[in-house]
Amino acid sequence: MKIFNYCPCCKSSDLTFDGVKKLVCKACSFAYYHNVASAVAAILEYNGKIILIKRNNEPCKGKLDLPGGFVDPKETAEEAVRREIEEELKISVEKLEYVGSYPNVYEYKDVTYNTCDLFFYSKIDTLPTDVDETEIAELILIDPSKIPLGEVAFQSTKTCLENYTRKL
């Protein structure tokens, strides 16, 4: 994987990638570390069912997902998941339970991001009615035992949902 064609410092094209995360310019020794990004998602339970969303953007447009997104700089995972829920579903959640974390690969515009996806759970009393349509094509309320895992966008989310439904 080559993230850059030219060194951002000296403009040389003599770059090497270690195959994991480090890109080095042989001309000036500039090093770019393509570290793991943090992302969050929430299993939201409403009356015994959970909320899935149909993605309205790439990657995986049209596939099923949980509400969530990337953690911003200087933000905790809990702050990020609350922010993402408020942005996408226009509701607030107070109590969050940590479910677990799973590695993931997120490919976007020819760049592969390795992520550590952190999952949370919360019961909600209000079903969202006004969602961010730039992010969400459809809101789906589903019995956890009937989740079509083959239609879920990301492996980390599939793994989380499989583990969650096994515990029910």
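The values are calculated or read from the model by the stated rules, or taken from the named source; none is laboratory data. For clarity, every value in this text was computed on a predicted model and none was experimentally measured. All Cβ positions, even for glycine, are placed from backbone atoms using ideal geometry, and neighbour counts span all protein chains on display.
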Filtered residue count, the range 120-168, keeping only those that are loosely packed, with under 13 Cβ neighbours inside 10 Å, of a type outside the set (A, V, I, L, M, F, W, C) and in a loop (DSSP other than H, G, I, E, B): 9
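Sort out which residues of the range 100-119 are of a type in the set (Val, Ile, Thr) and buried (at least 18 other Cβ atoms within 10 Å of the Cβ), and write them in order of number. Show your work before the answer.
Filtering the range 100-119 down to residues of a type in the set (Val, Ile, Thr) leaves 105, 111-112, 115.
Listed by number, the list holds a single entry, 115.
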Every residue from the range 83-119 that is part of a loop (DSSP other than H, G, I, E, B), on the phi < 0 side of the Ramachandran plot and modelled with pLDDT of 95 or more: 91, 92, 93, 95, 96
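Return the only residue of 146, 123 being basic (Lys, Arg) and under 13 Å from residue 43 (Cβ atoms). Before you say what the answer is, go through the steps one by one.
Numbers: 146 fails: under 13 Å from residue 43 (Cβ atoms).
Step by step, each of 146, 123 is checked, and only 123 is basic (Lys, Arg) and under 13 Å from residue 43 (Cβ atoms).
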The range 85-125, residues that are free of Cβ contacts under 8 Å to residues at least 60 places away in the same chain and either of a type in the set (Ser, Thr, Tyr) or not assigned by TED's automatic domain parsing to the domain that holds residue 156 (or both): 92, 98, 101, 102, 108
Number of the condition not met by residue 25 [criteria: (1) modelled with pLDDT of 95 or more; (2) within 23 Å of residue 154 (Cβ to Cβ); (3) crowded, with 18+ Cβ neighbours inside 10 Å]: (2)
All strands (runs of 3 or more DSSP E) inside the range 1-74 with 1 or more residues being of a type outside the set (D, E, K, R) and within 14 Å of the chain's Cα centre (by Cα): 37-46, 49-55, 68-70
So residue 136, is it over 18 Å from residue 104 (Cβ atoms) and in contact (Cβ under 8 Å) with a residue 12 or more places away in the chain: yes
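Would you call residue 82 crowded, with 18+ Cβ neighbours inside 10 Å, in contact (Cβ under 8 Å) with a residue 40 or more places away in the chain and within 27 Å of residue 152 (Cα to Cα)? Break it down into steps so the answer makes sense when it comes.
Values: crowded, with 18+ Cβ neighbours inside 10 Å: yes; in contact (Cβ under 8 Å) with a residue 40 or more places away in the chain: no; within 27 Å of residue 152 (Cα to Cα): yes.
No, not satisfied.
For the range 18-27, check the following and say yes or no: at least one residue is in contact (Cβ under 8 Å) with a residue 40 or more places away in the chain and either under 30 Å from residue 79 (Cα atoms) or of a type outside the set (A, V, I, L, M) (or both).
We begin by selecting, within the range 18-27, every residue in contact (Cβ under 8 Å) with a residue 40 or more places away in the chain; these are 21.
Add one more test, that the residue is either under 30 Å from residue 79 (Cα atoms) or of a type outside the set (A, V, I, L, M) (or both), and what stays is 21.
Yes, that holds for at least one residue.
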